[in-house]
1. Pop out the ³J(HN,Hα) list for region 75-92 in order, Karplus 6.51 cos²θ - 1.76 cosθ + 1.60 with θ = phi - 60°, rounded to Hz; leave Gly and Pro as x.
2. For Y64, enumerate residues with amide H under 5 Å from its amide H, sequence gap 5+ or separate chain, H modeled in the peptide plane.
3. Roughly how compact is region 54-104, stated as its Cα Rg over 2.2 N^0.38 Å to two decimals?
4. 7 Å from Cα along Cα→Cβ at both T100 and E61: what's the point-to-point distance in nm?
5. If r is the Cβ-Cβ distance from L37 to E122 and R0 is 30 Å, what FRET efficiency results, to the nearest 0.05?
6. Using only protein heavy atoms and a 1.4 Å probe, report how much of S133 is accessible, in Å² to the nearest 10.
7. Starting from the residue with the highest accessible area, list R42, R63 in decreasing order, probe 1.4 Å.
8. Convert each backbone phi in region 51-58 into a coupling constant with the Karplus relation 6.51 cos²θ - 1.76 cosθ + 1.60 (shift: θ = phi - 60°), then list the ³J(HN,Hα) values in order as whole Hz, x for Gly and Pro.
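The values are calculated or read from the model by the stated rules, or taken from the named source; none is laboratory data. What you see is a predicted model; the values in this text were computed from it and never measured. Here the Cβ positions follow ideal geometry from the backbone for every residue, glycine too, while neighbour counts run over all protein chains shown. Only protein heavy atoms, including side chains, enter the accessible area calculation; ligands, DNA and RNA are left aside. Shrake-Rupley method; radii C 1.70, N 1.55, O 1.52, S 1.80 Å.
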Amino acid sequence: LREYFNRILTDWLDIIEDSDMDPVEEVTPGQWKQFSLEEKCRIFGNLLSNAVSACMTVPEEKRYIDLKAEADVNGYLYITQVNSYDGNTRMKNNRYLSTTNGSGIGLGSVQQTAEKYHGMAEFHAGQTEFVSSVMLVNQAP
């Protein structure tokens, strides 16, 4: 499972680099043993997919994705992602909707996974940056 998860992250990072984005990543998969492969893929896959799509809306020299995942000594796991985007968002009922042809359920599934682990997910759209913050408690749901 660990190799599969690492492969998914590597594939996304390859896509990011091939798209002339500036990736910064600090992810230590060993801290995520509590979570199923499906949950890891749901969180990181959705965040990275959204970030790549968003970055493609800005000029190459302004594209970046900053992804960090870290654990603290109290058992909290934090994921923070900041990426560039063109400033255009769509919302309904205080939830961000897809601006591409996607289903628009990606961030909602990240939210549900965070809540399953007694955590939370917050998303904020600035003028040129989109910030995703996810906090999970490293214990059984």
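1. Values, residue by residue: x, 8, 10, 10, 10, 10, 9, 10, 9, 6, 6, 7, x, 8, 9, 10, 9, 8 Hz.
2. When sequence neighbours closer than 5 places are left aside, the close amide H contacts are D22, S84.
3. Numbers: Rg = 14.6 Å, N = 51, 2.2 N^0.38 = 9.8 Å.
Computed over Cα atoms of region 54-104, the ratio equals 1.49.
4. 2.5 nm
5. Numbers: r = 25 Å, r/R0 = 0.82.
With a Förster radius of 30 Å, E is 0.75.
6. Per-residue accessible area (S133): approximately 50 Å².
7. R42, R63
8. 5, 4, 4, 5, 5, 5, 8, 10
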